[in-house]
Ligand SMILES: [Zn+2]
């Protein structure tokens, strides 16, 4: 992170000129003054509604929104309103699950990204909270938008990029709604964690590649590795995890933007 210290200093002026980093809380006159002259980076959190063990069905939106808000000041970025609906996979059968078809999601996301490019953002970063087919769609749409609108786009799945942070903080791998994701939500808002409803039988390790496939998946807590990622509730670890994830994600985005600038790409 130290390598980007100077870059961070250059970002300070926005704080004095903008009352908020939330795009939807700015008015059109403020946006006209700020984008892209004072800030050219937008963080777009994306999620879905799906069962998540003992955390909220909207966890995949709760997590990237909080993450984007924590990252924004260090990146001199604005935060777009979260896209809470997405392409839920084999957990859509659980109560409260909702999925948007690819046929609807793909053009919707393409219009959103194109819209942000037209507003004037040069760096559009999708902070994605939900994997599966949604990731592939976002990757494709972001690349296409970048090429067509001559903007730089990045899509990051925070839990995958930070899997080493999971190992470091918890001493084991995590899972969908496993200890890591549950801890991330616990750090954001402990009230979203219903620990009294938890027991280890709510978790199932995913099958080895090609071994088995079930619909619906038999648990909403899907462990990446057998015997690892069962939820334990530790507020200090949860907060350390959140902090380390924010730091690693911020470092990635800062480095990629610096390298886009260095390459002179779509300046
Ligand atoms: Zn999730």
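Remarks
- Hey, residue 110 more than 23 Å from residue 75 (Cα to Cα) and either touching a residue at least 24 places away in the same chain (Cβ under 8 Å) or in contact with a strand residue (DSSP E or B) (Cβ under 8 Å, 6 or more places away or on another chain) (or both) or not: yes
- Taking region 115-127 as the range and being surrounded by fewer than 18 Cβ atoms within 10 Å (Cβ to Cβ) and assigned to a helix (DSSP H, G or I) as the test, the residues that pass are 115, 118, 119.
- All positions within region 191-227 that are assigned to a helix (DSSP H, G or I) and either modelled with pLDDT under 95 or over 19 Å from the mean Cα position of the chain (by Cα) (or both): 191, 195, 196, 197, 200, 201, 202
- In region 54-71, of all residues being surrounded by fewer than 24 Cβ atoms within 10 Å (Cβ to Cβ) and within 12 Å of the ligand (Cβ to nearest atom), the one that is farthest from residue 104 (Cα to Cα) corresponds to 56.
Listed here are the residues, each with its yes/no results for (1) within 16 Å of the ligand (Cβ to nearest atom); (2) surrounded by fewer than 16 Cβ atoms within 10 Å (Cβ to Cβ).
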site: 21; (1), (2): no, no
site: 28; (1), (2): no, yes
site: 34; (1), (2): no, no
site: 44; (1), (2): no, no
site: 52; (1), (2): yes, no
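- Complete set of residues in region 156-178 that are touching a strand residue (DSSP E or B) at 6+ places or on another chain (Cβ under 9 Å) and buried (at least 22 other Cβ atoms within 10 Å of the Cβ): 158, 159, 174, 175, 176, 177, 178
- Top-ranked residue in region 72-85 [being touching a strand residue (DSSP E or B) at 6+ places or on another chain (Cβ under 6 Å) and in contact (Cβ under 8 Å) with a residue 40 or more places away in the chain; ranked as surrounded by the most Cβ atoms within 10 Å (Cβ to Cβ)]: 78
- For the residues 89, 132, the requirement of being at pLDDT below 95, within 15 Å of the ligand (Cβ to nearest atom) and touching a helix residue (DSSP H, G or I) at 6+ places or on another chain (Cβ under 8 Å) singles out 89.
- Conditions (1) free of Cβ contacts under 8 Å to residues at least 40 places away in the same chain; (2) closer than 30 Å to residue 121 by Cβ; (3) exposed (fewer than 12 other Cβ atoms within 10 Å of the Cβ); number of the one not met by residue 261: (3)
- Subset of region 166-193 that is out of contact with any helix residue (DSSP H, G or I) (no Cβ under 6 Å at 6 or more places or on another chain) and under 12 Å from residue 59 (Cβ atoms) - its residue that is farthest from the ligand (Cβ to nearest atom): 189
The values are calculated or read from the model by the stated rules, or taken from the named source; none is laboratory data. Given the structure is predicted, the values throughout are model-derived calculations rather than measurements. Heads up, the Cβs are rebuilt from the backbone with ideal geometry, glycines too, and the neighbour counts pull from every protein chain shown.
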